Structure formats: C-alpha cells, structure tokens
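In what follows, a single structure is set out as structure tokens and then discussed.
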Amino acid sequence: MNKLIYQGKTDEYFEVLNIESGEMLPDSSIDGQLSIYWFEEDDNCLIIDAKDYVFNKNQLICLTSMHKVIVQKLGKVKYLRFNAPFFCILNHDSEVGCKGILFFGSSNLPLLNPSVEDLTILETVWKMILIEMESRDNLQLEMLQMMLKRLLILCTRIYKSQENYQAIDNIQTDIVREFSFLVEQHFKEKHSVSEYADLLNKSPKTISNLFKKVSDKSPLQIIQNRIMIEVRRMLRYTELPISEIGYQVGYQDIQSFSRFFKKHEGVSPSQFREA
C-alpha cells in the first residue's frame with residue numbers, strides 16, 4: 001500500500017492511497033471525513049449500508065464517514081480522503097457544487113462512470129496531487145486544496161452530466177441539491193415532501209416536477225430511501241431494540257414502523273436483523 005498523508009497545523013488532514021489487490025481499506029468511519037474510491041479493476045464487491053454493490057474498472061464513488069463499508073472482494077483502488085479543516089465542502093459549495101450531489105445525497109449512492117476523455121483529465125489531476133504530496137514548502141496546503149477542488153469539480157461535472165442535470169438551470173439545480181442536503185439533516189423527523197418544500201419556500205409540486213427532470217426517484221422516495229439507509233445501519237450494526245430504532249427515525253409506534261420497513265425491504269425488521 002502506497003500511502004501519502006498531509007497533516008496540517010490546525011487539524012487539516014488529506015490522504016492519498018494506492019491500494020493493491022487483497023489489501024484492506026483504511027477505516028472510513030472517522031467523523032467528518034469524506035472519501036473518493038476510484039476502482040482500477042473489475043468485480044469489486046462491497047457492502048455499503050447493508051446493501052451489496054459490485055464496482056468495475058474506472059468507476060468512482062464518493063462516500064462520507066456515515067457510510068458503513070464492508071469489503072468482500074477488492075482489487076486495485078485509488079483512494080483519497082480529507083476532512084473539513086482541509087477543505088470544507090459547505091463553504092465551497094457555490095464553486096464546487098457538490099453539496100447534495102457527490103457526498104450528501106445519501107439516498108442515492110453517487111456512482112460515477114467517466115468517459116475516456118474524463119479519465120484522461122482525472123489521471124492528470126491525480127498525478128499532480130501525488131507530485132504535490134511530495135512537496136514540503138509553505139505553499140503545499142494551498143496547492144493541494146487547489147488540486148482537490150479541481151478533482152471535485154471534475155467529478156461533479158461527470159455526475160451532473162450522467163444524471164441529466166443539464167435539463168434544468170442553475171437555480172433549479174440548487175433547489176435539487178438543497179433538498180437532498182435538507183433530507184440529510186432532517187430525515188429523522190420530517191417525512192413528507194411538503195415539510196421540505198416549506199423549508200425551501202417552494203410548493204411540493206415544484207419540487208416533484210424538478211426531480212422528474214433529473215432523477216428516476218421522486219422526492220418522497222429520496223426521503224424514504226434515506227430513512228431506510230439509517231434503519232438498515234442500526235439493525236445491522238447496533239443491538240438497539242427495534243422499537244427504539246423506529247423511534248429514532250420518527251416512528252412513535254412499532255406497528256407503523258414495521259409496516260414502513262416491510263413495504264420497502266420485503267421483510268420485517270426482525271427478519272432483516274436475523275438474516
């Protein structure tokens with residue numbers, strides 16, 4: 001494993017790894033850290049938030065520390081992670097444009113499929129990052145931040161292109177992004193589209209029409225999928241009683257929670273936990 005780490009004087013953290021086949025991934029659950037996986041071989045089998053995924057060569061995914069990752073099979077991977085003191089996504093949102101798209105739209109795992117042209121640019125930026133990681137002058141932090149920002153912009157453009165974000169203008173794109181981010185903040189207590197529409201000062205119909213243009217999921221599905229991600233995590237990784245898990249995601253009685261879960265998963269919460 002080839003590991004390069006930048007550690008700043010005020011908790012800035014930036015890490016770049018080249019992981020070889022069969023090696024373990026580093027701990028991805030460190031609070032506040034964001035990561036990018038760039039697969040260099042086919043048939044990478046990961047369980048992310050209790051769901052099975054297979055990733056192939058030259059696909060990229062963007063994850064937060066809230067994602068629970070279990071590796072079943074892993075080939076060569078380019079891996080990058082950083083924290084908010086190094087580069088705060090929210091502070092740079094208007095420029096980078098990845099709030100609610102690359103990292104915080106957790107109801108839909110961001111999977112990037114770059115074109116040949118995209119890969120050429122991504123490879124160039126990656127090489128520049130590796131070169132700069134070897135630097136030791138007082139401009140290193142600024143240069144690394146610049147390179148990371150460029151990488152994030154490229155990834156954002158790729159994802160927006162494949163998800164048909166060209167179908168809406170910049171103002172509408174901001175609404176879709178902000179909706180996804182608000183869901184990440186409030187999904188445990190707000191379960192209806194109208195509640196998020198109120199936060200955005202828009203009508204539920206406006207929100208629904210925008211999502212029809214850019215997504216195969218409705219706003220309600222985005223909300224419910226995010227709830228299901230959290231529930232699967234707690235059922236799989238904690239020993240909390242099912243009633244307490246339901247309560248934590250906004251269900252006051254276990255019957256309503258069980259009906260909701262079975263509708264989406266096909267089995268009851270207890271059956272899911274036993275399996």
**OP:** In nm, give the distance between the simple-model label positions of Glu134 and Asp52, each being 7 Å from the Cα along the Cα-to-Cβ direction.
**Re:** 4.3 nm
Subject >> Net charge, Val16 excluded, C-beta distance under 13 Å - Lys, Arg +1, Asp, Glu -1 >> reply: +1
**OP:** Once you have the Cα-Cα distance between Asn225 and Asp198, take 0.36 nm times their residue separation minus that, and quote the gain in nm to one decimal.
**Re:** 7.7 nm
Original post:
Can you work out the FRET efficiency for the pair Arg259 and Cys45, with r the C-beta to C-beta distance and R0 = 35 Å, to the nearest 0.05?
Top reply: 0.65
Original post:
Considering the values [x] 161; [y] 139; [z] 268, which represents volume of the Cα convex hull per residue in Å³ as calculated for the structure under consideration?
Top reply: [y]
**OP:** Once you have the Cα-Cα distance between Glu117 and Lys188, take 0.36 nm times their residue separation minus that, and quote the gain in nm to one decimal.
**Re:** 21.5 nm
Subject >> In order through the range 150-157: 3J(HN,Hα) via Karplus (6.51 cos²θ - 1.76 cosθ + 1.60), integer Hz, x for Gly, Pro >> reply: 5, 4, 5, 4, 4, 5, 5, 4
**OP:** Let me see the pair-distance distribution of the range 187-275: every alpha carbon pair, 5 Å bin width, integer percents in order.
**Re:** 3, 14, 23, 22, 14, 12, 9, 4, 0
Original post:
Going down the table (Lys73/Lys149; Lys188/Lys262; Lys217/Lys263; Lys127/Lys149; Lys51/Lys262; Lys51/Lys149), which pairs top 21 Å between alpha carbons?
Top reply: Lys73/Lys149; Lys51/Lys149
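Read-outs throughout are calculated quantities, based only on the coordinates presented, and are distinct from any laboratory measurement. Computed from a prediction, not measured in an experiment: that's the story for all the values here. Cβ: placed from backbone, ideal geometry, glycine included. Neighbour counts: every protein chain shown.
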